[in-house]
Amino acid sequence: MRKIEDYAIIGDLHTAALVGADGSIDWLCLPHFDSPACFAALLDSPEAGRWLLAPVNAGACTSRRYRHDTLVLETEWETGTGRVFVTDFMPPRDEAANLVRIVEGLEGTVQLHSELALRFDYGHVVPWVRRTKTGIHAVAGPDSVHVASPVPMHGEHRRTVSEFTVHAGDTVPFVLTWAPSYRQRSRTIGADAALSQTVAYWEEWSARSGADGPYRDAIQRSLITLKALTFAPTGGIVAAATTSLPEQPGGPRNWDYRYCWLRDATLTLQSLITAGYTDEAKAWRQWLLRAVAGDPADLQIMYSLDGRRRLPESELPWLAGYEKSSPVRTGNAAADQLQLDVWGEVIDGLSLTRNALLHVPDDSWDIQTALMEHLEGVWQQPDNGLWEVRGPRRHFTHSKVMAWVAVDRMVKGVRQFHLPGPADRWEDLRDAIHKDVMEHGFNAELNSFVQSYGGTELDASLLLIPRVGFLPADHPAVVGTIEAIQRDLTQDGFVLRYRPEESDDGLPGNEGVFLACSFWLVDALLGAGRRTEATELFERLLALRNDVGLLSEEWDARAGRQLGNTPQAFSHFAMVTTAFQLHRGQPGQSDEQIPAGRAS
């Protein structure tokens, strides 16, 4: 089984596929990110579904890269007889979902092997396959797939296989098209035309970026990745393209991230706005307003791609899990948790869009006011916290800080934008929450904020205190927290979310360092005036990306490998925001657009 960092992503803004360095597509859900997978080898074995296309007995590729600023993947093998190139991409969707693979001979002669094992419903259903004039047609229940290629294909051990030889200058396309089985099959697209259109789409999108400076390429690759995690029909942004990639190999901390977390989407929005992508910001705001419409008491931490609320968690016992990490889960029970910080993140994000999109009509204030009025009555309750702990609810310091953020942004809405609201009452509440956090969330003996009131455990979320404007970046309590986290909550200089053995999160086992939290430490160090140290840590973090610039959720500092679902929006938007701040030379506040260029 390949390592998590051995995978690259391609996608069509409706779903995404993971392509291994060996030329095998081991993960693809159709027609949407959260649909059942038709390739699920990532979570089991090739029998659970995959599509291998590579030179015979070649193993891992010689090199691979994305074409310029696009989501078109180019993989190259050098063999003893020649050199060959495979281009993988998914055209931004029009009607049907298409996955295109183009083999190109570069030098000599290379024998290639294609092995297609379609397994619908996460490896559970083997389709009925028949030959057609242009390839094969596979059907099972609601799903149908047509694969077209000039290469002859035949069935072998419940797989569709072919072997063919490519000479220098030869081009051999494969086009996989998914459609509902009850509809007339869509026409097969032309591979070359689709490639040209896909490259043009991504190059035009990237050309609108405000990324520049020494980290420009890293920023743009992360922005493309964040765009790839966007569900175009609604503007929702999934947390990751996968489910159940483990936070600890062999352990049970395996979750489904193919949904839209309000927190993740809001923070992704900050990075996109900073880079100048206002269309995505407008689409996200509309998605958010649709999703949270209704009783503010029913606000959830996450929703489906289209805003559905029910995300029942279940297990798939027929899948062994990545490196035997079970159970494999779909859905996410955390959707039912109380996480008070979400009110702050949502209102903070809406405030950012108001500041950044001054020329765009804003009809979100009524919803913000309703959310605020509900938060006024519940902010003192214990909750499950930012990290979705499945242990007892507590008074998490970060949750209270984000309640303060919500009130602060509402006060600014009244005072700065002259929107209606009881500003005096909200100012009193803002002061009361601030006093509460300083009295109960700060431990004088540790000289640090702590994870929850009355406790002694540290938490990486405390690094966000200056970022959201709760305290200045050079405040002694912030500096003390930075030093405590560096001393007691790091591995190899990278930051853990918290220590599971010290915090009752309701789950056994441990996890790796959390990449987004390590970027937060960079931000905090920069704000504290320790720029050299911040830059050194940032560049160490950049080195953890895989060969095509992707980050998963966590990093195993001991084994030197990526962990968790991939590619992870949380990691990539944190990287983008941090890179912009380093280039500017100073940190920004979460409701303010960070200028792309260096400060004068």
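The values are calculated or read from the model by the stated rules, or taken from the named source; none is laboratory data. Since the model is a prediction, treat every value here as computed from it, not as a measurement. Neighbour counts are summed over all protein chains in view; Cβ atoms, including those assigned to glycine, are modelled from backbone coordinates with ideal geometry.
Summary table below
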| quantity | calculated |
| --- | --- |
| Extreme residue, surrounded by the most Cβ atoms within 10 Å (Cβ to Cβ), among residues of segment 439-470 that are over 22 Å from Arg487 (Cα atoms) and within 33 Å of the chain's Cα centre (by Cα) | Phe470 |
| Matching residues in segment 471-485 - criterion: being crowded, with 23+ Cβ neighbours inside 10 Å and either outside the structural domain of Ala406 (by TED's automatic domain parsing) or farther than 16 Å from Gly529 by Cβ (or both) | Ile485 |
| Those residues of segment 339-379 which are in a loop (DSSP other than H, G, I, E, B) and touching a helix residue (DSSP H, G or I) at 6+ places or on another chain (Cβ under 8 Å), in sequence order | Gln339, Leu340, Leu357, Val360, Asp362, Asp363, Ser364, Trp379 |
| Cβ pairs under 6 Å, 6+ apart, first in segment 387-399 and closer than 15 Å to Val342 by Cα, second basic (Lys, Arg) | Trp387/Arg497 |
| Among residues of segment 130-142, those that are part of a strand (DSSP E or B) and more than 23 Å from Leu319 (Cα to Cα), counted | 5 |
| Test: residue in segment 216-236 that is more than 27 Å from Arg65 (Cα to Cα) and in contact with a Leu (Cβ under 7 Å, 6 or more places away or on another chain) | yes |
| Candidates Gln286, Gln339, Gln300, Gln270, filtered to the one that is among the polar types (S, T, N, Q), surrounded by 24 or more Cβ atoms within 10 Å (Cβ to Cβ) and closer than 26 Å to His14 by Cβ | Gln270 |
| Any hit, segment 565-579, residues being in a loop (DSSP other than H, G, I, E, B) and at positive phi | no |
| Filter result (surrounded by 13 or more Cβ atoms within 10 Å (Cβ to Cβ) and either among the aromatic types (Phe, Trp, Tyr) or outside any strand (DSSP E or B) (or both)) within segment 143-167 | Ser149, Val151, Met153, Phe164 |
| Residue count, segment 396-414 (criterion: closer than 15 Å to Asp459 by Cα and either touching a helix residue (DSSP H, G or I) at 6+ places or on another chain (Cβ under 7 Å) or not assigned by TED's automatic domain parsing to the domain that holds Ala335 (or both)) | 6 |
| Test: residue in segment 241-258 that is small (Gly, Ala, Ser), over 28 Å from Ile224 (Cβ atoms) and not in a loop (DSSP other than H, G, I, E, B) | no |
| Some residue of segment 44-65 being hydroxyl-bearing (Ser, Thr, Tyr) and crowded, with 19+ Cβ neighbours inside 10 Å | no |
| Segment 71-86, subset surrounded by fewer than 21 Cβ atoms within 10 Å (Cβ to Cβ) and of a type in the set (Ser, Thr, Tyr), residue nearest to Leu223 (Cα to Cα) | Thr79 |
| Of the criteria (1) aliphatic (A, V, I, L, M); (2) under 21 Å from Leu463 (Cα atoms); (3) surrounded by fewer than 23 Cβ atoms within 10 Å (Cβ to Cβ), which one Ala543 fails | (2) |
| Every pair of residues 6+ apart whose Cβ atoms lie under 9 Å, when the first sits in segment 570-583 and is surrounded by fewer than 24 Cβ atoms within 10 Å (Cβ to Cβ) while the second is hydroxyl-bearing (Ser, Thr, Tyr) | Leu582/Tyr215; Leu582/Thr535; His583/Tyr215 |
| Residues within segment 26-56 that are part of a helix (DSSP H, G or I), farther than 26 Å from Val110 by Cβ and not hydrophobic (A, V, I, L, M, F, W, C), tallied | 1 |
